[in-house]
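Asker: I have a structure I would like to understand better, so I am pasting it below and will then ask my questions one at a time.
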Amino acid sequence: MRLPIARQGWPFILPLLGLAVIGLMTFPIGGGVVLVLAAFVTYFFRDPERTIPAEPGLFLSPADGQVVGIEPHAQGPDGRAGTRLSIFLSVLDVHINRAPLAGTVLAIRYQPGKFMPAFRSEAGAGNEQNVVTLRAGPGQVVVKQIAGILARRIVCWVKPGDTLSAGERFGLIRFGSRVEVLIPADFEVRAQQGQKVRGGESILAAAERYSAALGHSRTHEPGRTHP
């Protein structure tokens, strides 16, 4: 049975639990404080299963959080215009990142930068980030993992050449962050400013050839649970 905790969290959780046990035996108040901290860290690194929508032509949210920006983007990696959509992840959100659609990893580029609050729009360009480019069908899609004022560690466990299915996990960001996606122009954006989204489940956009059939509702029939 799989524990719903990201494996990258155990190096933080286990030492805190050990300190909590020692503290509860020697200094109960201090041990209780450490135990609460351990509980929070465990909650932060939770990694729940998600039911991936089964309909074709969907662009899924790569992260949990709140949509804080939707704006035109002049030129994507394949030279075509599109839409930049930004998601802010608070410390209370799940921080696992997922592929927005099926594709092959073309490139991964680390960009050093600042650690401004992740909810600020300028964080998308100026903060430390990891840029993942996917080839999905005839086009390309960019997902940016962006560090925030608390997030000082971006984790990405895929490499160029890897194939991802829609909703598949590919990384995480520790302790508050931002994720941006460049959505190709042939997708109709469905997400709205201020909307709360769930990684691998919420529909951000739909390919135009499928939009009429899907309608304008953001609900969907249950699909598959990604391992």
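All of the numbers you see were taken from the coordinates with simple rules; none came from a lab. This is a predicted model, so every value here is computed, not measured. Here Cβ is always computed from backbone atoms with ideal geometry, including for glycine, and neighbour counts include all displayed protein chains.
Asker: With r as the distance between the Cβ atoms of E168 and A39 and R0 = 25 Å, compute the FRET efficiency 1/(1 + (r/R0)^6) and round to 0.05. Each step should come with its number before you reach the end.
Answerer: Numbers: r = 29 Å, r/R0 = 1.14.
For R0 = 25 Å, the calculated efficiency reads 0.30.
Asker: Which of I183, L85, W10 sits farthest toward the positive end of the charge dipole of the chain, with +1 on the Cβ of Lys and Arg and -1 on the Cβ of Asp and Glu?
Answerer: W10
Asker: Could you derive backbone 3J(HN,Hα) for the range 82-95 from the dihedral phi with the Karplus parameters 6.51, -1.76 and 1.60 (θ = phi - 60°), listing whole Hz in sequence and x where the residue is Gly or Pro?
Answerer: Using θ = phi - 60°, the values come out as x, 10, 9, 10, 10, 10, 9, 9, 7, 5, 8, 8, 5, 10 Hz.
Asker: Compute the acute angle (0 to 90°) between the alpha-carbon long axis of helix 28-44 and the principal axis of greatest extent of the alpha-carbon atoms of the chain; round to the nearest 10°.
Answerer: 10
Asker: Also, quick follow-up: Rank these for me by crowding, D47, D93, D162, going from fewest to most other beta carbons within 10 Å.
Answerer: Fewest-to-most Cβ neighbours within 10 Å comes out as D162, D47, D93.
Asker: Same structure, new question: Suppose only helical runs count, i.e. DSSP H with n ≥ 4. What mean residue ellipticity at 222 nm does that imply for the chain under -39500 (n - 2.57) per run, divided by all residues and rounded to the nearest 500 deg cm²/dmol? Don't jump to the answer; show the numbers that get you there.
Answerer: Numbers: 4 runs with 45 residues, N = 227.
After summing the helix terms and dividing by residue count, I get -6000 deg cm²/dmol.
Asker: When the Karplus curve 6.51 cos²θ - 1.76 cosθ + 1.60 is applied with θ = phi - 60°, which whole-Hz ³J(HN,Hα) does each residue of the range 48-55 get, with x for Gly and Pro?
Answerer: x, 5, 10, 8, 7, x, 8, 5
Asker: Amide H neighbours of I52 under 5 Å, counting only residues 5+ apart in sequence or on other chains, H built in-plane at 1.01 Å?
Answerer: Amide H to amide H, under 5 Å and 5 or more residues apart or across chains, I52 pairs with G223, R224, T225, H226.
Asker: Ok, one more. Can you tell me the 0 to 90 degree angle between the C-alpha axis of helix 10-26 and the longest principal axis of the chain, rounded to 10?
Answerer: Here the helix axis deviates by roughly 20 degrees.
Asker: Rank by packing, highest mean first: peptides 13-21, 56-64, 130-138, with packing defined as the count of other Cβ atoms within 10 Å averaged across residues.
Answerer: The densest-packed peptide leads the list: 56-64, 130-138, 13-21.
Asker: Of the listed values (i) 26, 21, 18; (ii) 40, 18, 15; (iii) 33, 19, 16, grab the one calculated as semi-axes √(5λ) of the Cα gyration tensor in Å from the structure here.
Answerer: So the structure-derived entry is (iii).
Asker: Considering Cα pairs under 8 angstrom that are at least six residues apart, work out the relative contact order of the range 39-111 and quote it in whole percent. Walk me through the numbers on the way to the answer.
Answerer: Working: 79 pairs, mean separation 25.8, N = 73.
In percent, rounded to a whole number, it is 35.
Asker: Sort K196, K144, K159 by Cβ crowding within 10 Å, fewest neighbours at the top. Can you show the working numbers first?
Answerer: Values: K196 12, K144 23, K159 9.
Least to most surrounded, the residues fall as K159, K196, K144.
Asker: Near the amide H of G137, under 5 Å away, which other amide H atoms are found, from residues 5 or more places off or on another chain, if H is placed in the peptide plane?
Answerer: none
Asker: Further question on the same structure: Amide H neighbours of A107 under 5 Å, at least 5 residues apart or on other chains, H built in the peptide plane: list them.
Answerer: T133
Asker: Sorting R174, R7 on the 10 Å Cβ count, fewest up front, what's the list? Walk me through the intermediate numbers first.
Answerer: Numbers: R174 22, R7 10.
Final ranking by Cβ density, sparse to dense: R7, R174.
Asker: Through the Karplus equation 6.51 cos²θ - 1.76 cosθ + 1.60, θ set to phi - 60°, convert the phi angles of the range 107-114 into ³J(HN,Hα) values in whole Hz; use x for Gly and Pro.
Answerer: My calculation for the range 107-114 gives 7, 10, 10, 8, 10, x, x, 8 Hz in order.
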